[in-house]
Amino acid sequence: MGKLIVFEGTDGSGKSTQFALLTKRLQAIGKEFRTMVFPQYSEPSSALIRMYLGGEFGSRPSDVNAYAASTFYAVDRYAAYQKVWGSYYKEGGIMLSDRYTTSNAVHQGSKVSEEERGAFFRWLYDFEYGKMELPQPDLVIYLDVPTELTGQLMRKREAATNTNADIHERHMDYLRLCRSTGLEAAEFYGWNIIRCAKDGKMRSIEDIHNEIFALVQSCLEE
Ligand code: ADP
């Protein structure tokens with residue numbers, strides 16, 4: 001088996017930015033690897049996700065329960081594993097993924113009560129890794145950003161890319177909840193937490209990148 005390295009964080013936490021920077025750095029040192037991004041919006045396997053995020057099942061995230069919504073994302077990963085990256089990974093390839101099963105823990109885990117959360121986390125990993133037999137990540141890099149700063153970053157991205165926030169991103173209370181659920185999931189599963197803000201401000205992109213690169217290097221050396 002190869003290595004699977006996953007970037008996770010709430011929406012607008014800087015995942016895509018850090019992901020792009022890491023790929024550049026790995027290319028510069030001559031490492032061979034492949035990348036993937038979930039959800040695969042342009043693939044038919046994401047049909048249910050697109051319906052859900054577009055509000056076809058209701059305009060609030062809570063209109064679709066955590067277990068149902070998790071299955072939409074899980075089948076998209078299953079299709080990608082079967083069709084795109086499974087054989088490369090099984091032959092020892094290095095995969096970098098922007099989001100993975102971990103996103104269900106953060107976003108869908110936020111919909112269940114605190115009492116139910118541990119049971120949900122156990123169900124989720126058993127479902128995707130146990131029953132569906134998707135590979136477990138070797139390293140999860142979790143980007144933690146205070147919600148007030150995330151809101152500012154998302155507006156910046158909307159302006160830069162001319163896009164609108166989806167039903168998850170429009171609800172600040174939901175984002176706040178996702179941040180705390182994300183930290184809870186990180187503790188529960190043993191992810192590596194990167195604290196992206198310091199003294200109420202974002203750390204520089206380069207500074208965060210260097211912390212991430214050190215983690216990736218030690219994972220690849222194992
Ligand atoms: P995500 O992929 O997690 O949704 P992005 O990587 O798209 O987040 O980042 C959201 C926005 O914030 C982008 O406009 C990006 O340029 C900006 N950004 C990312 N990291 C930082 C940082 N450390 N400091 C300031 N702005 C940042």
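The values are calculated or read from the model by the stated rules, or taken from the named source; none is laboratory data. All of these numbers come straight from a predicted model, not from anything done at the bench. Counting neighbours? That spans all protein chains shown, and the Cβs are built from the backbone with ideal geometry, glycine included.
So here's what we get for this one:
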quantity: Single condition Glu91 does not satisfy, out of (1) acidic (Asp, Glu); (2) within 18 Å of Pro137 (Cα to Cα); (3) touching a residue at least 60 places away in the same chain (Cβ under 8 Å); (4) surrounded by 13 or more Cβ atoms within 10 Å (Cβ to Cβ); calculated: (4)
quantity: Selection from region 10-33 of residues that are within 7 Å of the ligand (Cβ to nearest atom) and on the phi > 0 side of the Ramachandran plot; calculated: Gly12, Gly14
quantity: Where Thr161 falls short, out of the listed (1) more than 17 Å from the chain's Cα centre (by Cα); (2) at pLDDT 95 or above; (3) of a type in the set (Ser, Thr, Tyr); calculated: (2)
quantity: The one condition in (1) within 30 Å of Gly55 (Cα to Cα); (2) part of a helix (DSSP H, G or I); (3) not small (Gly, Ala, Ser) that Thr163 fails to fulfil; calculated: (2)
quantity: Unique residue being within 22 Å of Pro61 (Cβ to Cβ), more than 15 Å from the ligand (Cβ to nearest atom) and more than 15 Å from the chain's Cα centre (by Cα) when the list is Glu148, Glu114; calculated: Glu114
quantity: In region 26-42, the residues that are of a type outside the set (Gly, Ala, Ser) and part of a loop (DSSP other than H, G, I, E, B); calculated: Ile29, Lys31, Glu32, Phe33, Phe38, Pro39, Gln40, Tyr41
quantity: Any hit, region 83-96, residues being in a loop (DSSP other than H, G, I, E, B) and within 23 Å of Trp191 (Cβ to Cβ); calculated: yes
quantity: Sole residue being surrounded by fewer than 14 Cβ atoms within 10 Å (Cβ to Cβ), of a type in the set (S, T, N, Q) and more than 16 Å from the ligand (Cβ to nearest atom), chosen from Gln82, Gln136; calculated: Gln82
quantity: In region 173-201, residue nearest to Thr23 (Cα to Cα) [restricted to those that are among the aliphatic types (A, V, I, L, M) and surrounded by fewer than 18 Cβ atoms within 10 Å (Cβ to Cβ)]; calculated: Ile193
quantity: Residue pairs meeting the criteria (Cβ under 6 Å; at least 6 apart or on separate chains; first under 13 Å from Leu124 (Cβ atoms), in region 62-75; second in a loop (DSSP other than H, G, I, E, B) and modelled with pLDDT of 95 or more); calculated: Ala66/Val112
quantity: Number of positions in region 52-82 that are among the aromatic types (Phe, Trp, Tyr) and not in a helix (DSSP H, G or I); calculated: 1
quantity: Residue within region 106-123 that is aromatic (Phe, Trp, Tyr), in a helix (DSSP H, G or I), touching a helix residue (DSSP H, G or I) at 6+ places or on another chain (Cβ under 9 Å) and free of Cβ contacts under 8 Å to residues at least 60 places away in the same chain present; calculated: yes
quantity: Test for Val145: is it under 14 Å from Asn104 (Cα atoms) and crowded, with 17+ Cβ neighbours inside 10 Å; calculated: no
quantity: Pick from region 176-205, criterion touching a residue at least 12 places away in the same chain (Cβ under 8 Å) and within 11 Å of the ligand (Cβ to nearest atom), ranking: nearest to Glu8 (Cα to Cα); calculated: Ile194
quantity: Failed item, numbered, when Ala159 is tested on (1) within 9 Å of the ligand (Cβ to nearest atom); (2) under 26 Å from Val112 (Cα atoms); calculated: (2)
